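Scroll down for the structure; my scribbles are underneath it.
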Amino acid sequence: MSNDSYVTDDGRTIGPTVMEMKNITLRFGGVKAITDISFDIREGEIRAIIGPNGAGKSSMLNVISGFYVPQEGEVWYKGAKRPPMKPYQVAGQGIARTFQNIALFEGMTVLDNVMTGRLRQMKANIFEQAIWKGKAEREEVENREKVERIIDFLEIQAIRKTPVGRLPYGLKKRVELARALAAEPSILLLDEPMAGMNVEEKEDMSRFILDMNDEFGTTIALIEHDMGVVMDLSDRVVVMDYGKKIGDGTPDEVRNNQDVIDAYLGVAHD
Ligand SMILES: Nc1ncnc2c1ncn2[C@@H]1O[C@H](COP(=O)(O)OP(=O)(O)OP(=O)(O)O)[C@@H](O)[C@H]1O
Ligand SMILES: [Mg+2]
């Protein structure tokens with residue numbers, strides 16, 4: 001836990017600790033997906049989680065997002081210990097995510113999918129909408145404006161009316177990012193946002209991640225296999241292997257860590 005800010009060699013300002021995982025252990029029956037892992041996420045940083053297949057990376061994001069409750073350990077958020085929470089409650093605290101396997105409404109348009117990212121912000125309930133139409137309408141206009149801004153930001157204007165099911169994979173990933181961003185999260189969790197993308201799509205996605213971090217101040221935790229991307233984007237990297245943490249530090253520190261080289265960097269992976 002750190003209360004200081006610091007400036008990186010690239011001139012990026014990284015804030016104090018916003019989230020802290022303390023001695024997290026997660027089991028599925030006899031399988032230990034995560035064993036006694038601790039690490040923190042600082043405000044404004046891009047924090048990567050890397051490691052071989054089955055290392056427990058997605059499980060860790062699922063613990064952060066409230067999808068799994070660990071058998072042991074504590075999650076601290078904004079200086080307070082978090083009680084066990086449901087995913088919607090975690091979302092309510094400003095933590096949004098995308099999935100390793102895209103989870104969008106295929107039959108709905110891009111615009112409508114992105115609008116679902118704002119459900120949490122839509123305060124007027126059905127009763128209020130009936131008796132106080134003005135409030136609901138104002139809210140709808142405001143939500144639309146925010147969503148249109150994100151659609152512009154992610155350069156998906158041309159496909160706003162297209163059903164998601166018709167889009168190529170790379171664009172679906174971008175729509176999923178747009179939906180997560182529509183919730184205006186403080187922390188955004190991205191599970192392999194560039195998996196299956198070609199070089200150009202990866203470059204676009206990298207730029208969007210950096211821009212949203214810069215422009216909206218969004219803290220980002222991301223899982224990624226492409227080491228070039230990880231080294232370029234991230235401020236700090238956690239390395240997992242077989243459910244354990246084997247490295248944690250700046251990209252340079254991690255790149256030169258012998259345990260990390262042996263377990264991950266020195267071997268072929270996708
Ligand atoms: N719901 C589940 N039920 C049982 N076992 C699970 C479950 N989810 C994950 N596991 C197991 O936990 C371990 C870690 O899986 P996880 O998906 O977190 O790995 P990962 O690092 O994200 O891998 P990949 O790079 O392939 O996505 C694996 O052994 C996996 O089979
Ligand atoms: Mg995974």
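Observations on the model:
- Identity of the residue in segment 69-90, buried (at least 17 other Cβ atoms within 10 Å of the Cβ) and under 16 Å from the mean Cα position of the chain (by Cα), that ends up farthest from ligand 2 (Cβ to nearest atom): Y77
- Residue satisfying condition, being of a type outside the set (G, A, S), open to solvent by 10 Å² or more (accessible area, probe 1.4 Å), within 25 Å of L171 (Cβ to Cβ) and at pLDDT below 90, within set Q121, Q157, Q129: Q121
- Look at segment 50-73: where a residue is under 20 Å from A195 (Cα atoms) and a partner is open to solvent by 30 Å² or more (accessible area, probe 1.4 Å) and within 8 Å of ligand 2 (Cβ to nearest atom), sitting 6+ places away or on another chain with Cβ atoms under 8 Å, you get S58/Q100.
- Residue in segment 229-243 that is over 19 Å from E45 (Cβ atoms), away from ligand 2 (no atom under 16 Å from the Cβ) and open to solvent by 10 Å² or more (accessible area, probe 1.4 Å) present: no
- Only one entry of A48, A103, A33, A55 meets the criterion of being more than 27 Å from I246 (Cα to Cα) and within 16 Å of ligand 2 (Cβ to nearest atom), and that entry is A103.
The values are calculated or read from the model by the stated rules, or taken from the named source; none is laboratory data. If you're wondering where the values come from, they're calculated on a predicted model, not measured in any experiment. Every residue, glycine as well, gets a Cβ built from its backbone with ideal geometry; the counts of neighbours run over all protein chains shown. Remember, those area values only see protein heavy atoms, side chains included, never the ligands or the DNA or RNA. Shrake-Rupley method; radii C 1.70, N 1.55, O 1.52, S 1.80 Å.
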